[in-house]
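Chemist: So that we are looking at the same thing, I have put the structure below in structure tokens.
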Amino acid sequence: GFIGQQKMISIKKHFGDTKGRYLYLSGWMVAALRSEFGPLPDQSMHEKTAVADLIRELYTFLKQADAWELNHLFRDLDEAKAAGDQAKQAEIVDKIDNFQ
């Protein structure tokens, strides 16, 4: 999962979001990285749950990353409200509403 997580981070940094972006992981990568029994000599030998487990792990990672980013936006919004900066508030609300 770590390699997939790093790839998703690089995609988001490069393109600004992950909308419409796909992450290709070959069968060999899934077999090598996700085997609960250690490295396997053939990709056809990986457990039937390996792909689903990897997708679940990547999805969880993306949700956590989004929550982290949104948390910072909400903190910035609280600071703008405390400062009475209406323009900054509107800008941050727009970022939150259009978050991807």
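The values are calculated or read from the model by the stated rules, or taken from the named source; none is laboratory data. A quick note: this is a predicted structure, and the numbers were derived from the prediction, not measured. Methodologically, a virtual Cβ is constructed for each residue, glycine included, from the backbone with ideal geometry; neighbour enumeration extends over all protein chains shown. SASA here: full protein model, heavy atoms, side chains in, ligands and nucleic acids out. Shrake-Rupley method; radii C 1.70, N 1.55, O 1.52, S 1.80 Å.
Chemist: All other residues with a Cβ under 13 Å from the Cβ of A80 taken together, and with Lys, Arg as +1 and Asp, Glu as -1, what is their net charge? All intermediate terms of the calculation are to be shown ahead of the outcome.
Modeler: Values: positive: R75, K81, K88, K95; negative: D76, D78, E79, D85, E91, D94.
Result for the neighbourhood of A80: -2.
Chemist: While we're here: With all protein chains present and a 1.4 Å probe, how do K88, K81 order by accessible area, largest first? Write down the numbers at each step before the final one.
Modeler: Values: K88 85, K81 115 Å².
These residues rank, largest area first, as K81, K88.
Chemist: In whole Hz, with x marking every Gly and Pro, tabulate ³J(HN,Hα) for the stretch 53-62 from phi via Karplus 6.51 cos²θ - 1.76 cosθ + 1.60, θ = phi - 60°.
Modeler: Listing the rounded values in order: 5, 5, 4, 4, 5, 5, 4, 4, 4, 5 Hz.
Chemist: Summing Lys, Arg as +1 and Asp, Glu as -1, what charge do residues with Cβ under 15 Å from the Cβ of K13 carry, K13 excluded? Display every interim value, and only then the final one.
Modeler: Working: positive: K7, K12, K19, R21; negative: D17, D66, E69.
The answer is +1.
Chemist: Suppose R0 equals 25 Å; then what is the FRET efficiency for Y22 and I96 from their Cβ-Cβ distance, rounded to the nearest 0.05? Please report the intermediate quantities before stating the final value.
Modeler: Details: r = 26 Å, r/R0 = 1.04.
With R0 = 25 Å, the Cβ-Cβ based efficiency is 0.45.
Chemist: Hey, what do the phi angles of the stretch 19-29 turn into as Karplus ³J(HN,Hα) couplings, whole Hz, using 6.51/-1.76/1.60 and θ = phi - 60°, x for Gly and Pro?
Modeler: 4, x, 9, 10, 10, 8, 10, 5, x, 5, 5
Chemist: At A82 and L62, where each label point lies 7 Å from the Cα along Cα→Cβ, what is the point-to-point distance in nanometres?
Modeler: Distance between the two pseudo-spin positions: 3.4 nm.
Chemist: Could you derive backbone 3J(HN,Hα) for the stretch 78-93 from the dihedral phi with the Karplus parameters 6.51, -1.76 and 1.60 (θ = phi - 60°), listing whole Hz in sequence and x where the residue is Gly or Pro?
Modeler: 4, 5, 5, 5, 5, 7, x, 8, 5, 5, 5, 4, 4, 5, 5, 4
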